[in-house]
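For reference, the structure discussed in these notes is given below.
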Amino acid sequence: MILYDYYRSSAAYRVRIALNLKGLSYQQQSVNLLAAENREAPFLAQNPQGLVPVLQDNGEILSQSLAICEYLDEQYPQSAQLVYGRPVDKANIRRLAQIIACDIHPVDNLRVLKYLQSELNIDEKEKLRWYQHWIAEGFAALEEQLKSIGGDGPYCYGDKPSLADVCLIPQFYNAKRFEMDLREYPSLLEIDRYCNALPEFVRAHPDSQ
Ligand SMILES: N[C@@H](CCC(=O)N[C@@H](CS)C(=O)NCC(=O)O)C(=O)O
């Protein structure tokens, strides 16, 4: 299995956590986003969208981190499942994951920030305001929903890691990097602290790449 990733890409970070939690071994091929290697022909041949992560497995080429994680669950059902339980549990896990992957991350990713700066002439301070706004809105919703559906911890959804943690930890890393005050999200802080002490998450962390 080959994972095309970039150490700071949170979508790729998700897949690294997922692969580690599932105990699957993989090789990594770094695609330097700052040098725009994702816009060069060899990478575009793998993913015409020009985004990491891309996973090659059994001759298949897959993109989109959530699709990759769900593929891994179905292709390797013998290892820990990331979306598990009754239909309602699965819907709840996806619901938490999608708050991050669909409602926070897309408006804060590199190409959106670049567009804001280069096309709409937004300065560094306004960019930071934009970035922090969407994370704050999403984290507030998450913190609230964890109270009603999250269970007693230590993970987002009860006592097993899931797709929700796979999405939360990289987004939390980004929030810290962009100097957010995260004290308003005590449950998220607790989950982040807990997960970041586990080897599967440590090995996936950008600093370990
Ligand atoms: N929805 C996609 C998002 C992928 C994505 O936005 N990847 C970013 C890094 S986190 C990327 O490759 N950005 C390159 C660019 O914006 O040029 C997924 O979940 O895989």
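Quick note: the coordinates plus some simple rules give every number you see, no bench work behind them. Just so it is clear, the model here is predicted, and its values are computed rather than measured. Note that each Cβ is placed from the backbone with ideal geometry, even for glycine, and that neighbours are counted across all protein chains shown.
Structural remarks
- Scanning region 95-117 for residues that are more than 14 Å from Gly158 (Cβ to Cβ) and surrounded by 19 or more Cβ atoms within 10 Å (Cβ to Cβ) turns up Ala97, Ile99, Ile100, Ala101, Ile104, His105, Asp108.
- Restricting attention to region 172-197, the residues being free of Cβ contacts under 8 Å to residues at least 12 places away in the same chain, closer than 20 Å to Asp152 by Cα and either among the aliphatic types (A, V, I, L, M) or not in a helix (DSSP H, G or I) (or both) number 3.
- Number of the condition not met by Ser25 [criteria: (1) more than 16 Å from the chain's Cα centre (by Cα); (2) crowded, with 16+ Cβ neighbours inside 10 Å]: (2)
- Taken as a whole, the structure places Asn109 among residues that are within 16 Å of the ligand (Cβ to nearest atom) and of a type outside the set (Lys, Arg).
- Residue match in region 61-78 (condition: of a type in the set (Gly, Ala, Ser), more than 23 Å from Ile169 (Cβ to Cβ) and exposed (fewer than 14 other Cβ atoms within 10 Å of the Cβ)): no
- Output for region 112-139, where each listed residue is among the basic types (Lys, Arg) and either in contact with an Asp or Glu (Cβ under 9 Å, 6 or more places away or on another chain) or within 16 Å of the ligand (Cβ to nearest atom) (or both): Lys114, Lys127
- Counted residues, region 33-63 - those being more than 15 Å from Asn109 (Cα to Cα) and either out of contact with any strand residue (DSSP E or B) (no Cβ under 6 Å at 6 or more places or on another chain) or among the hydrophobic types (A, V, I, L, M, F, W, C) (or both): 18
- Filtered residue count, region 18-37, keeping only those that are closer than 30 Å to Tyr84 by Cα and within 13 Å of the ligand (Cβ to nearest atom): 1
- Counted residues, region 1-17 - those being farther than 19 Å from Pro199 by Cα, within 13 Å of the ligand (Cβ to nearest atom), part of a loop (DSSP other than H, G, I, E, B) and of a type outside the set (S, T, N, Q): 1
- In region 142-153, the condition of being acidic (Asp, Glu), surrounded by fewer than 15 Cβ atoms within 10 Å (Cβ to Cβ) and more than 16 Å from the ligand (Cβ to nearest atom) is met by at least one residue.
- The set of residues from region 38-67 being part of a helix (DSSP H, G or I) and within 10 Å of the ligand (Cβ to nearest atom) comprises Asn38, Arg39, Phe43, Ser65, Leu66, Ala67.
- Within region 165-197, being surrounded by fewer than 17 Cβ atoms within 10 Å (Cβ to Cβ) and within 15 Å of Arg14 (Cβ to Cβ) holds for one residue alone: Asn196.
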